[in-house]
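Read through the structure below, which is laid out as structure tokens, and then see the notes.
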């Protein structure tokens, strides 16, 4: 075997290893770049500008606020008021972190805070509210997750602003944080409050 054919054989073997490895590394780099490139809270929602989904959810059994039972969630309740709808669960760790921000928003009489309790049981939901506070004027139970699907929820927590016209004006994917509370959520609420129905 000549020296030239031996070097061609070695080159072919190296290419068989190097080309797939280079392709794999290029795809892995692209995947990691796309994964870390965006803020998940900025995922667009096809529901923005559309009427809030028809929602008729039973209340969380035994949940009280100011000595009165907290009602369930109904679409008719969105008409005429700006409503913040928060999708939460007692087993959701980020939901605990955002609870103080919901309490702050609950002091604003211009908006109504409503909740969708996602795939939870009533006892755990009541315990969560007892520990972290109850900012909600209404909380609907979404035991099977059907309502969350209709709202286009990716995972808990998520927050929506529904305008006086009953249309979804804003969606926040992920927990309310100190940063997005001031830069995204409060401006979106003010914009919804300023809009004419």
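The values are calculated or read from the model by the stated rules, or taken from the named source; none is laboratory data. Quick caveat: nothing in here was measured; it's all calculated off a predicted structure. Methodologically, a virtual Cβ is constructed for each residue, glycine included, from the backbone with ideal geometry; neighbour enumeration extends over all protein chains shown.
Brief remarks on what is shown
- Scan of the stretch 154-192 for residues that are assigned to a loop (DSSP other than H, G, I, E, B) and under 14 Å from the mean Cα position of the chain (by Cα), ordered by number: 154, 155, 156, 157, 174, 175, 176, 177
- Some residue of the stretch 81-89 being over 13 Å from residue 174 (Cα atoms), surrounded by fewer than 22 Cβ atoms within 10 Å (Cβ to Cβ) and either modelled with pLDDT under 95 or in contact with a strand residue (DSSP E or B) (Cβ under 7 Å, 6 or more places away or on another chain) (or both): yes
- From the options 140, 145, 174, 72, residue that is farther than 25 Å from residue 196 by Cβ and surrounded by fewer than 17 Cβ atoms within 10 Å (Cβ to Cβ): 145
- Tallying residues that are under 18 Å from the mean Cα position of the chain (by Cα), in contact (Cβ under 8 Å) with a residue 12 or more places away in the chain and part of a helix (DSSP H, G or I) within the stretch 69-99 yields 6.
- Residue pairs whose Cβ atoms lie under 8 Å apart, separated by 6 or more positions or on different chains, with the first residue in the stretch 137-155 and not assigned by TED's automatic domain parsing to the domain that holds residue 52 and the second surrounded by 14 or more Cβ atoms within 10 Å (Cβ to Cβ), do not occur.
- Any hit, the stretch 108-116, residues being over 21 Å from residue 46 (Cβ atoms), assigned to a helix (DSSP H, G or I) and more than 16 Å from the chain's Cα centre (by Cα): no
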